[in-house]
Structures are given as C-alpha cells and as structure tokens.
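Enquirer: Attaching a single structure in structure tokens format; questions to follow.
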Number of protein chains: 2
Amino acid sequence: MNWPEIQLKLHRIGIDTYKENVAYLHLDCPVYRTEGFQALAKVEINSVDDHQQVLAVLNIVNDKNIMAIDELGLSEQAFEQLGLADGDMVCIAHALPPESLDAVHRKIAGERLHADDFLSIIRDVVENRYSRMEMSAFLVACSESGMEREELLYLTEAMVKTGEQLDWGEPLVADKHCIGGIPGNRTTMLVVPIVAAHGMLIPKTSSRAITSPAGTADTMQTLARVDLDLNKLREIVHRERGCLAWGGTARLAPADDILISVERPLSLDSPGQMVSSILSKKVAAGATHLLIDIPVGPTAKVRHMNDALRLRKLFEYVGDRLGLHLEVVITNGEQPIGRGIGPALEARDVIKVLENDPDAPSDLREKALRLAGRILEFDPDVRGGQGYATARDILESGRAMAKMQAIIAAQGMNTDPPKLGELVMEITAPESGFVTEINNLQMARIARMAGAPMDMGSGVDLLKKMGDQVEVGDTLYRIHAEFPSDFDFAVTLTRKDIGFRIGDKPPAPSYFPPL
Amino acid sequence: MNWPEIQLKLHRIGIDTYKENVAYLHLDCPVYRTEGFQALAKVEINSVDDHQQVLAVLNIVNDKNIMAIDELGLSEQAFEQLGLADGDMVCIAHALPPESLDAVHRKIAGERLHADDFLSIIRDVVENRYSRMEMSAFLVACSESGMEREELLYLTEAMVKTGEQLDWGEPLVADKHCIGGIPGNRTTMLVVPIVAAHGMLIPKTSSRAITSPAGTADTMQTLARVDLDLNKLREIVHRERGCLAWGGTARLAPADDILISVERPLSLDSPGQMVSSILSKKVAAGATHLLIDIPVGPTAKVRHMNDALRLRKLFEYVGDRLGLHLEVVITNGEQPIGRGIGPALEARDVIKVLENDPDAPSDLREKALRLAGRILEFDPDVRGGQGYATARDILESGRAMAKMQAIIAAQGMNTDPPKLGELVMEITAPESGFVTEINNLQMARIARMAGAPMDMGSGVDLLKKMGDQVEVGDTLYRIHAEFPSDFDFAVTLTRKDIGFRIGDKPPAPSYFPPL
C-alpha cells in the first residue's frame, strides 16, 4: 500500500550497509509517527509515479546533521537500486512480507518444496525482498538434514534462471572448479593455458579471495587486468580459446552472492549449499563440461574420504540433471600446494611451472597436469588415458607459456607488477626431525594477517613441505608483508602456532588420495 | 584480539537500530583498511582499559558530516551499552563468533541439545553476542519439528536464569496470561481486582501492544500510570494485593524480548516459542500459580481444537517441570470479546462491567468471571467449583470496583483520560440477515489503522456481535480516529473487507468451546 499524500525528499546517506538495504527516517518525521513504523521494520520506498521501488529495513535517526525531518534517507546500495536523484520526492509504506516467505515457513515445518517454490523464493531474494534474517531462516531450513536432493536440484535451477546465462555457441565449453581451502592451490592458471593451447574452449571466470589469502582473480591480477566487460571477454575467448577473468561483472546466478553474504558470517557450509552455489554459477557461465576438484585432508574443507565420496555423488546427481557433463576428482589436501601463499607469491610459482623452471614446485605442476589431462579427455579425439601426456607435451613444448602470454596480452598486461613485501621474517624449525604436518588453516591465517590478498606482495613463502628433513634453526617459511602493523600481527600469530609439526620420523604413508 | 596501538575516538551516532548494535567506521579510517574489516562484519569495541566491551555489526560511512575519520561511531543502544562518554578513546577488533554458535550448528545438523547448550546460547543472546541473522538461524533450527519438549524446558530455564527473578515472599502468587489474538479481550483488568479483592496476591505486569490494537498496559494507561519502578510496585502489591503495571521496567527474562524482535518480523510463532516466551516471563516475575487462556477460533491464533489441546499439553509439561501450578483453559475465540477495540474503548467496557452497568458487554463479564473463578480456586479454602460464584459475588457487591479504584489511586490516576476520537465513521450492514462471522484479524487491522494503540481514543466500537439480526443499513460498528490521515486509511481498509459476514440464517451452533 502506498499513501501518495505523504511525500518525502530522497537523501543519499553515505553509509555502506553491504547487501542489506537500509532506509532512514528522522524521529520527528510525521510519517514515522502516524504510520506506526518501527526501527527494523521493512518498508518499501516508491517513486511518486510508482515506477521505481526499493525495499529496505528502517533505522530511525535522531540527528539533524545526518538528515532533515522531511527527508527519507537511503544507504548507498539502496539509493543506487532505486535509481532516483538526491532531492527527488518519494513515498514510504510498510512492505508486505515477500509472498514466497510462505514457502519458507512450509520448509521450516518440514515440508518438501516444489520447483515453483524455489523459483519464487530465489526471485524474491534476487529482488532484495528478503532481509538477512529471512535469508538466514531459509538457509537453515534448507541446510543439511532439511533438503532432499531433488530440492537441491530445484534450488540450483532457480539460481540459474534468475540471472543472466552466457551462451558461447559451441558444443563443448570446458570449466573447472576447486571447492577451495588449500592455500597456494593455483592450478587454474596452468590448466587454462594448457587446455586453451589444445584448442578446447575454456572461458574461465574466477572469484576474488573472500576468506582465503588469494583467489585466482587476485593472483591473475598481478599479471594482467581481470575486470573485463562481457564484450571484451567474448572477443578474447573467441581469439585465444580461453581467458582468466574476474567473474563479478556479469550477472550470473546473482542469488548466489546474496546467499553467500549470509552463509559466510553464519559459517553455514552444508554440502548442498556448496553444490548449488558452484553448479549454478557454472551453468550460468555457459559451461557444458565441468571438472570439480575436492581436496581432502585433515585441515582441508573436506576431512574424510566418506564425506568426499558423498559430496561427489551430490555433485553428480545435480550436475547430470542440469545436463552438465561433470566429473569429480578427489585430490590430496593434506598441505598447501606449491610454495607461495598470497597473490604475487602464487603468480611466481605459476610462471615457474609455465617456464619449465627446474626449481618450479613439482606438486603444483603435477596436480595441474593431472587436472588438465582430465579436461583434455572431454575431447572425443583424445584417447582415454592420454590426457596427462598431452597436457605434459603442451607444457613442456612451451605452448602453454605462449598461450598464457597471449591471454595476458589480450586482457591487458599489468605493467607494474607487485613486488614481494619487503618486511621479511623467517620462521625456523624449533627442533630437528621431519615435517609431519602443515596446517592449511593456520598458514592461510598467517598469510592473511600479513596483508594478503589486499596487499598483493604479502603472504607466506614455504621452503619446506611435508616429509622434508630439517635441522633445528632451518627456515621453514618466510613471511612477507608491506606494512609494519600487518607484519607484527602475522608474527604474533606464529608465536601461538607456527602451523608446522616436526616429528622424529617421516610422516606415515598417507591414506589420502594422491595429488 | 585487541590491538591497543590503534585507538579511535568514540562518537554517539543518532541512529536507532533497535535491538541490533551497529558500529560505524569512516571509509578512510586507517583501521578499516589495515584490519581487513568488511561492512556487516561483527566487531568488538573495547574501552582502552579493556573493562568495557560491546559487540556490533559494522557499517562503513562515507560522509564526514556523519563522523570523522579518527572516530568510531556507535548507534544509540550500543553507545549506552558500552557506557563510555562521547570522545573517550576506544579500540576495535574483529569479534570472534560467540562460542555457543557451535551448539547452534549442532542443532541445525539435527542433534538434541543439552541444558548447558541452551544456557550458553541464551547467555550470549542476552549479552548481545548474536546478530539477528544468528538468532534467526537458532530459532529456525529450534522451531516446530526441530525441538524435543525436554529441550523446550531447557530453553525456558535458560531464559529465566539469564535475567532477574522476583520473589514476593509468599507461597501463592497468582498470574494469568492469554496467548492473544482476540481484539477487545481485556479480561485481565477485571480478573486482577476480583482476585486481589479476595485477598490473593496477583502482581500483574503486562506488555504494551506490539501487533494488536491494545495491550493491557495500553488500556490501563488510560486510567492510571503503568510505568512503575520495582520498589513502587512492591509497595502497591503489598498494600493492595494486586497491580496492573507495565512489565518493561524489570529485567525479567530479557532474552525473550530479544528473540521476539527476530521472531515477529519472521512470523515465527511455533508452539514451543510461545510456551518458552510466556512461561519464562511468568516464572521470572515470581508467579507460583498460573492460568493460561487459549482462545480457539477460525481467525484466532489457534484455529483447531486439536492444536489447542497439543499446546495445552506443552504448557503443562514445561510448567510442571518448572514447579509452577499451571492450569490451561481453552476458550471461544470466534469473534472479538466486548465491544471496544482500542485503549480508551476497551477501558470503557471494563469500567462498565465493574460498575455492574446493565449495558456492560456480557461476554466480557462472563469470560472474566470464569477466569477469575478458576484462579480463586487456587486458594485451598475455596471449594472446588465455587470459584465462579465467589468471583460473581465480589463483582456484584462492588468490591471489585473498589479494589480497582484503590489500585488506580495507588499507581497514580490519569487525571486527563483520553477522549474517544472525534472522527467517526459508521459501517453499516450491506444486507439484511444475521451476523455469521466477525474476523478478529480484520477488526484488529482496522482499529490499528485508525490509530490504536498510539492514539488512545482511536479504534473500533462494535454494535453487533455474532448471531445478531440486522437490517440493511443498520450500524455494525463505528470507527473512531483522532487524525484525518489515519481515519482515511481505516475507512479505505473497510472498503476491501468490512470484517463482518451477513448470512440469511443465524450461525450454526459453534463446535468451539464456550467463553
């Protein structure tokens, strides 16, 4: 309902409330009193002609320096969504709860939802009709025990349908995705040039790091531009058969980003949420053939083989129904991959592998070849089992490096690559013996504390890996930082736990899978 | 973790964010960048000496009119909780998630929680360690299908333990509570004077209306002061054996108010949440004997007898374990009780009953006598079945009115009682026949739209009730409003649905219980 008789002047309030829209009314505003609004109530703001609308939660302001009595304030994102100018007249009304909330209540009550229900919920989410509280209710009702795998399929389809969908106009569009959690695991930047050099289409878009010390987009950014508009992206992919871009520009499965903004602070990470998040993005990005990497290890996201196998089945079920050609590999996630952790350090490792430098980290090289090989076998002309050798040929012949250089040139080379942070601390072995454990979580924390990914030259450089023999005082890793305060925080963190364990025997043979 | 080297100047921001604490940092504040804070991240603000702390979610400000770069802003409630002065130096750090969130995750995963788990969750909620999203996750995980009745007991106990608890120093402290949803149902203001006149202790504290057109506190306020501090309350109860006060001054089961601030916008109202909310408040308020009224009807909160019976069992289970003497009555909730809907109109009905006015609404009188009678039978000296007659004697003899006058005088008479709103609209019967339905929800909506409870003289005055015969054009009810805009809104609402149904036969005999 809209009461056009009461109009307020729109005022952009310089407050960033992230994915939650906030509207501000002055305590002495007559509308506040007569309408019985309450702080945190949900309101809808309409343009006078009723053509533009935005939903927001209400905060009440008691300071005329922030806004006047006859104004209606909107936080930054809400202001942009409404698309009016400062000073335009607007109306405010109580927002009706989103209609799809009824389906959420049925889910809370234990009912199974239909495809239509998921579509209406996700459409309302994308249109910002859900508060973070309401999304939290939906996600918890759907988590773990609460959802059948058919429902997961419906959810994923709804997430695809409510955004844009790319079409590359070819029958085989390859993609890969790792579920994450392993520092330094920058295989994508090797797999893409190898696969593209083979001629297979692999238009790879990646995210920036959110909780990790570097994402593929952060690392690639040390070498080239990654924020490309869709036309530019198409042109590059058309010419080079691949790209390494940031995926944030296209509106692919926009519900995913919104739901993640609630899942992350709540630490909700059920297998179902992971599957729908990854597969909706990939289908929206136009992938037809997809390789999923599930690292498993004691400090990885997935800690037991049984869980990895169950997750694989869920990926296969939803992927098959979505019409994807999907393969899942379960890999070793016992320790970081490569040496560097942090954008510039990881880019250094990648380039060494591409250059066939004898000093390149062999685990990163091996894992990338294995994954690239599996993707190459999507090609009907590559004989089963020959993918690995084909990938190795492409790498060793220098064709992967040439392709990477072409992609960098096409995206726009970074002419001012970051230097490694000049504040350096060496963390040494507290006793002699063998490295028996490297904790992925602690190494990621130290690298982040040192400034990664925001400070691109900051992070951790591993000199020892599991199984290496060390003498007391040998350097295990170096911390690089750009700013003194970050440096101190990272060093302080190592005093609690250096992230390495030294034993008197080499680690027992792993029961986890090979790379 | 706290980094004392970075200090900011505390600044009270005049924004009311209700039960959610918000901290504000300027975009250009160096702490924002180096610490990797994100909008909506949870932060802890500490005094320099580390003795005072408050938790909040972060908003990022990009306007120097709102706050300076070297300041840390806090919303009104957060500022008060921290208890420092404007300009004092403070430190900010990432807040660790509340430890009890681990138990919430176990609940989401389908585990049964222990008494300790509920205590740690509720303690963190009361200390404002939970965001609204996190509370939403907890409430959904605990709702309907998710909770065993033992867990409901633990939750209720935790809500009692984490607040103050009143002790009246007597073995029989009576209380009553209606689960709500029936407009005009102001029996409490009759039950209290009857029971207190009998000599039984009934220190009644009530809430103000939140979603209804009037709460007992709102209605009593038209006659007397209701915001009494605890000492004054004790003094009145000691002298008069009863009171009719607002319950917001004591810190009784404070978790309840916080959880309700999330349950209400989410429309979460599972039976478990209702039971824990009501019983925790009553036990904290020192009640030993409690009568619960569950109205049931097609537009009441509880719509089927089966649901009412199940709810009764849940009240009995938890109440018995808490050591309460608890009785539940299931009453007729097919239509509003009495005639007035809105504070002044409901007070008028109450006074008419107390005055034994022949024109007093007989349904309100009968229901109040029935409830008072049940409470009087808590007295071992009242013979089983004699409660009603005893209550009627007290009412008819004028002793109830005398007691009400004494309570009003003790609390402080309102010397300027509100007049009925002077803008009046009569809603008439669209056809001749019998009133077959009166919709509780629609009548409450119309009364609220007219301005109740904020405008105390506004509301709805019912002239016809179910079963009454009407001619076309007969007045069904009057709308009273104080302000023209409210008046228009209420009238507009009646054009969609007047809330009455007229049939050509009297309504069939009800299968719902009597009053």
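Enquirer: For a label point 7 Å from the Cα of B:Tyr317 along Cα→C-beta, name the residues of segment B:110-141 whose backbone N is under 20 Å from it.
Expert: B:110-119, B:139-141
Enquirer: From the backbone phi of segment A:420-434, what are the Karplus-calculated ³J(HN,Hα) couplings (6.51 cos²θ - 1.76 cosθ + 1.60, θ = phi - 60°) in whole Hz, Gly and Pro given as x?
Expert: 5, x, 8, 7, 10, 10, 9, 9, 10, 5, x, 7, 8, x, 10
Enquirer: All other residues with a Cβ under 11 Å from the Cβ of B:Ser432 taken together, and with Lys, Arg as +1 and Asp, Glu as -1, what is their net charge?
Expert: -4
Enquirer: I've got another one for you. For chain B, what's the relative contact order in percent, using C-alpha pairs closer than 8 Å and at least 6 residues apart?
Expert: Numbers: 1075 pairs, mean separation 71.7, N = 515.
RCO, chain B: 14 percent.
Enquirer: What percent do you get for the relative contact order of segment B:142-212 when only Cα pairs under 8 Å and 6+ apart count? Let's see the in-between values first.
Expert: Numbers: 22 pairs, mean separation 23.0, N = 71.
Computed value for segment B:142-212: 32 percent relative contact order.
Enquirer: Okay, moving on. Placing a label point 7 Å from Cα toward Cβ, how far apart in nm is A:Leu309 from its equivalents in the other copies, listed shortest first to one decimal?
Expert: Label point to label point, same position, other copies: 4.8 nm.
Enquirer: Write down the radius of gyration of chain B and its Dmax, each obtained from C-alpha positions, in Å.
Expert: 25.3, 81
Enquirer: Quick one: A:His51, B:His304, fewest Cβ neighbours within 10 Å first, how do they rank?
Expert: Numbers: A:His51 9, B:His304 13.
Ranking A:His51, B:His304 by Cβ neighbours within 10 Å, fewest first, gives A:His51, B:His304.
Enquirer: Could you tell me what fraction of 2.2 N^0.38 Å the Cα radius of gyration of the protein assembly as shown comes to, as a two-decimal ratio? Write out the running numbers ahead of the final one.
Expert: Numbers: Rg = 33.1 Å, N = 1030, 2.2 N^0.38 = 30.7 Å.
Output field value: 1.08.
Enquirer: Based on the Cα atoms of segment A:104-196, what semi-axes does the equivalent ellipsoid have, where each is the square root of 5 times one gyration tensor eigenvalue, given in whole Å with the largest first?
Expert: Semi-axis lengths for segment A:104-196 are 32, 18, 13 Å.
Enquirer: Just to confirm the numbers: B:Leu27, label point 7 angstrom along the Cα-Cβ line, distances to the other copies in nm, shortest first?
Expert: Counterpart label points of B:Leu27 in the remaining copies fall at 2.8 nm.
Enquirer: In whole Å, largest first, what are the principal axis extents of the Cα atoms in segment B:416-515?
Expert: 42, 29, 23
Enquirer: Subtracting the Cα-Cα distance from 0.36 nm times the residue separation, let me have the gained length for A:Leu96 to A:Asp474 in nm, one decimal.
Expert: Contour length minus Cα-Cα distance gives 129.6 nm.
Enquirer: Ok, one more. Any idea how far apart B:Arg106 and B:Leu27 come out in nm if each label point goes 7 Å out from Cα toward Cβ?
Expert: 4.5 nm
Enquirer: If I model a spin label at A:Arg149 and B:Glu150 as a point 7 Å from the Cα along the Cα→Cβ vector, what separation in nanometres do I get?
Expert: 3.4 nm
Enquirer: Follow-up question, since we're still on this one. Roughly how crowded by other chains is peptide A:146-152, in terms of the mean Cβ count from those chains within 10 Å of each of its Cβ atoms?
Expert: The shielding value for this peptide is 1.
Enquirer: With +1 on each Lys and Arg Cβ and -1 on each Asp and Glu Cβ, how big is the dipole of segment B:299-375 about its Cα centre, in debye rounded to the nearest 20?
Expert: Computed charge dipole of segment B:299-375: roughly 320 debye.
Enquirer: Find which of A:Leu113, A:Val31, A:Ile13 sits farthest along the positive direction of the dipole of segment A:1-120, computed with +1 on the beta-carbon of Lys and Arg, -1 on that of Asp and Glu, about the Cα centre.
Expert: Going by the charge dipole, the pick is A:Leu113.
Enquirer: Further question on the same structure: Give the average, rounded to an integer, of partner chain Cβ atoms located within 10 angstrom of each Cβ in A:54-62. Can you show the working numbers first?
Expert: Values: counts 0, 0, 0, 5, 3, 10, 7, 6, 6.
Counting other chains' Cβ atoms within 10 Å and averaging over A:54-62 gives 4.
Enquirer: Explain nothing, just the number: dipole magnitude of segment B:48-186 about its Cα centre with +1 on each Lys and Arg Cβ and -1 on each Asp and Glu Cβ, in debye rounded to the nearest 20.
Expert: Numbers: 11 positive and 26 negative charges, 132 e Å.
For this selection, approximately 640 debye.
Enquirer: What is the set of long-range amide H partners of B:His26 at a cut-off below 5 Å, with H atoms built 1.01 Å from backbone N?
Expert: Correct list: B:Val61, B:Glu71.
Enquirer: Something else: Going by how many other beta carbons lie within 10 Å of each one, how would you line up A:Lys64, B:Lys403, A:Lys465, fewest first?
Expert: A:Lys64, A:Lys465, B:Lys403
Enquirer: Distances from A:Gly110 to the same position in the other copies: list them in nm, one decimal, shortest first, using label points 7 Å from Cα along Cα→Cβ.
Expert: Copy-to-copy label distances at A:Gly110, shortest first: 1.2 nm.
Enquirer: Now for a different question. Compute the distance in nm between two label points, each set 7 Å from the Cα along the Cα-to-Cβ direction, one at A:Gln7 and one at A:Asp49.
Expert: Each label point is offset 7 Å from its Cα along the Cβ direction, giving 1.3 nm.
Enquirer: What is the sum of charges around A:Ala410, taking Lys and Arg as +1, Asp and Glu as -1, for the other residues whose C-beta is under 12 Å from the C-beta of A:Ala410?
Expert: Values: positive: A:Arg225, A:Lys232, A:Arg234, A:Arg239, A:Arg241, A:Lys403; negative: A:Glu235, A:Glu240.
Net charge in that neighbourhood comes out at +4.
Enquirer: Counting Lys and Arg as +1 and Asp and Glu as -1, what is the net charge of the other residues whose Cβ lies under 12 Å from the Cβ of B:Gly242?
Expert: That sum, taken over residues with Cβ under 12 Å, equals +3.
Enquirer: Nearest 0.05, what FRET efficiency do B:Glu235 and B:Asp86 give at R0 = 35 Å with Cβ-Cβ as r?
Expert: 0.40
Enquirer: A further question follows. Convex hull volume of the Cα atoms in segment A:140-240, per residue, in Å³?
Expert: Details: hull volume 15.5 nm³, N = 101.
Once divided by residue count, the hull of segment A:140-240 is 153 Å³.
Enquirer: Could you put A:Glu111, B:Glu240 in order, starting from the residue whose Cβ has the fewest other Cβ atoms within 10 Å?
Expert: Neighbour counts put them in this order, fewest first: A:Glu111, B:Glu240.
Enquirer: Over 5 Å intervals from 0, what percent of Cα-Cα pairs in segment B:253-380 sits in each interval?
Expert: Pair shares across the bins are 2, 9, 15, 17, 20, 19, 12, 5, 1.
Enquirer: Same structure, new question: Which Rg and Dmax, in Å, describe the Cα atoms of segment A:192-307?
Expert: 15.4, 43
Enquirer: Another one. Once you average over the residues of A:99-110, how many Cβ atoms of partner chains fall within 10 Å of each Cβ? Display every interim value, and only then the final one.
Expert: Details: counts 0, 0, 2, 1, 0, 3, 7, 0, 1, 10, 4, 4.
The mean count of partner-chain Cβ atoms within 10 Å per residue comes to 3.
Enquirer: For segment B:301-356, place one equal point scatterer on every Cα, skip the solvent, and apply the Debye formula. What is log10 of I(q)/I(0) at q = 0.29 Å⁻¹?
Expert: After summing over all Cα pairs, the log10 values are -1.06.
Bear in mind these aren't lab numbers, they're just calculated from the coordinates by the rules spelled out. Fair warning: this is a prediction, and the values are worked out from it, not measured in the lab. Methodologically, a virtual Cβ is constructed for each residue, glycine included, from the backbone with ideal geometry; neighbour enumeration extends over all protein chains shown.
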